[in-house]
Structures are given as C-alpha cells and as structure tokens.
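These notes concern the structure reproduced below.
The values are calculated or read from the model by the stated rules, or taken from the named source; none is laboratory data. Small disclaimer: the values here were computed from a predicted structure and weren't measured. FYI the Cβ positions are ideal-geometry reconstructions off the backbone, even for glycines, and counts take in every protein chain you see.
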Amino acid sequence: TLDYLPGVKIDLMMLKVLFEEIYGYKVYCTYDPNQPETESLTLKQFNIFLMEHYNNLIKVDKNVYDSLIFVWCGHGNTKTEEGDTLITSDDDKYKPFKKIQELFAHDTDMFLNKPKIFIKNTCRGNEQLQQTENEQQWYNSESDTFIIFSTTPGKLIFDSMDPNQGKGSIGRTNYSNNYNL
C-alpha cells in the first residue's frame with residue numbers, strides 16, 4: 001500500500017483557494033474535505049471524473065474557457081514504460097500523465113491556442129532515503145522545486161501563428177499585448 005500523504009490535502013486546498021477564490025477560476029475537484037471518503041480515488045473514479053469533464057467541454061462554446069489548469073496532488077511514479085504516471089488508491093493502479101494531456105490538448109480543440117498548465121504535485125516513487133553511517137539523513141536538495149516548461153518535450157512553439165516568424169512563446173505574444181510586456 002502507498003504511504004498516506006497528509007500534506008497533499010493542505011496543498012490541494014491551498015491551490016483550490018488560490019485558483020477559485022483569488023483568481024476566480026472554476027475549480028472541479030475530486031476531493032471534498034466534508035466527505036472523508038473522497039480522500040481515496042480509484043482509477044475507475046478518476047477516469048469517470050475526467051470523462052465527465054471532457055464530455056461537458058465538448059458540448060459548450062469554445063469561448064467559455066480561456067485556459068486549462070490541471071493539478072494532480074498525490075502519488076506519482078516515473079518508472080514505467082509510459083513515463084510519468086499518476087497512481088490511484090486501488091492497488092497501485094495508475095494513469096499515464098500523458099493520457100490526461102492528450103485528452104484535453106489533442107482530443108478536443110477547446111483549448112487550441114490557449115494556455116494549458118499541467119501541475120504534478122507528486123512524489124516520484126515510494127522508496128525511502130538512505131542514511132549515512134553517522135545517522136545523518138540524506139535529503140533531496142531539489143525537493144519543493146517547481147519547474148515550468150512552456151511546451152512538452154520534443155515540441156516547438158512559435159511567437160505567432162506564422163511559423164516563418166520564429167520560435168519562442170505563443171504566450172508571450174498573447175500576454176504582452178494585454179499587459180504591455
């Protein structure tokens with residue numbers, strides 16, 4: 001069984017407050033602090049949640065949403081053939097993270113040319129850190145590090161819709177026009 005991650009609930013609720021109350025986003029969450037049973041999420045429940053929201057997206061006008069932010073707080077792993085995975089509570093069943101990205105970035109054009117942010121607040125395995133001979137515990141100096149790339153590995157982005165105008169950031173053009181950057 002996987003370790004219980006009490007800090008995940010805190011992170012999740014802080015992110016929910018940030019996006020919902022401070023920035024005014026619509027937030028859809030599988031966890032409800034008033035329903036303790038929602039702390040555990042099976043792969044089947046997770047797939048149902050994803051498909052319900054995907055099906056709702058394809059029914060609405062494309063201008064309803066201006067971006068997508070997907071956050072996973074919980075267990076993860078990188079030791080599978082599929083790459084990064086999100087591990088659910090039912091006997092280490094998992095969902096490849098790339099499948100979630102494909103669902104919302106490729107399988108629908110709802111977010112075409114709109115920012116898509118995928119945040120993985122996960123551990124990358126369940127192994128314990130080793131201790132040295134003098135009982136000092138090793139630590140990961142890169143823990144609590146947040147790294148953001150503007151595109152997925154192996155992909156290019158462009159400053160404009162015209163690929164002849166150069167590579168860079170599609171977001172830079174969109175945001176600089178609105179914020180005088």
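Of note, Cys29 satisfies the criterion of being in a loop (DSSP other than H, G, I, E, B), assigned by TED's automatic domain parsing to the domain that holds Phe118 and under 15 Å from the mean Cα position of the chain (by Cα).
I'm checking my understanding of the structure. Among residues of segment 88-118 that are of a type in the set (Phe, Trp, Tyr) and over 21 Å from Phe19 (Cα atoms), which one is surrounded by the most Cβ atoms within 10 Å (Cβ to Cβ)? Full working, then the answer.
Applying the first criterion (of a type in the set (Phe, Trp, Tyr)) to segment 88-118 yields 94, 97, 104, 111, 118.
Now drop any that are not over 21 Å from Phe19 (Cα atoms), which leaves 94, 97.
Details: Tyr94: 18, Phe97: 21.
So, considering only residues that are of a type in the set (Phe, Trp, Tyr) and over 21 Å from Phe19 (Cα atoms), the one surrounded by the most Cβ atoms within 10 Å (Cβ to Cβ) is Phe97.
Consider segment 98-135 and keep the residues that are at pLDDT below 85 and not polar (S, T, N, Q). The one that is nearest to Leu5 (Cα to Cα) is Cys123. Looking across segment 1-21 at every residue that is aliphatic (A, V, I, L, M) and part of a helix (DSSP H, G or I), the one that is modelled with the lowest pLDDT is identified as Val8.
Of the set (1) farther than 24 Å from Lys114 by Cα; (2) part of a helix (DSSP H, G or I); (3) not aromatic (Phe, Trp, Tyr), all apply to His53 but (1).
For segment 29-54, a residue qualifies if it is surrounded by 11 or more Cβ atoms within 10 Å (Cβ to Cβ) and over 22 Å from Lys95 (Cα atoms), and exactly one does: Pro33. Under the condition of being touching a Lys or Arg at 6+ places or on another chain (Cβ under 7 Å) and among the aliphatic types (A, V, I, L, M), the residues counted in segment 6-49 number 2.
Take Glu81 and decide whether it is in a helix (DSSP H, G or I), of a type in the set (Asp, Glu) and exposed (fewer than 14 other Cβ atoms within 10 Å of the Cβ).
Details: in a helix (DSSP H, G or I): no; of a type in the set (Asp, Glu): yes; exposed (fewer than 14 other Cβ atoms within 10 Å of the Cβ): yes.
Criteria not met by Glu81.
When Lys26, Lys16 are checked against the criterion of being more than 13 Å from Gly74 (Cα to Cα) and surrounded by 15 or more Cβ atoms within 10 Å (Cβ to Cβ), a single residue qualifies: Lys16.
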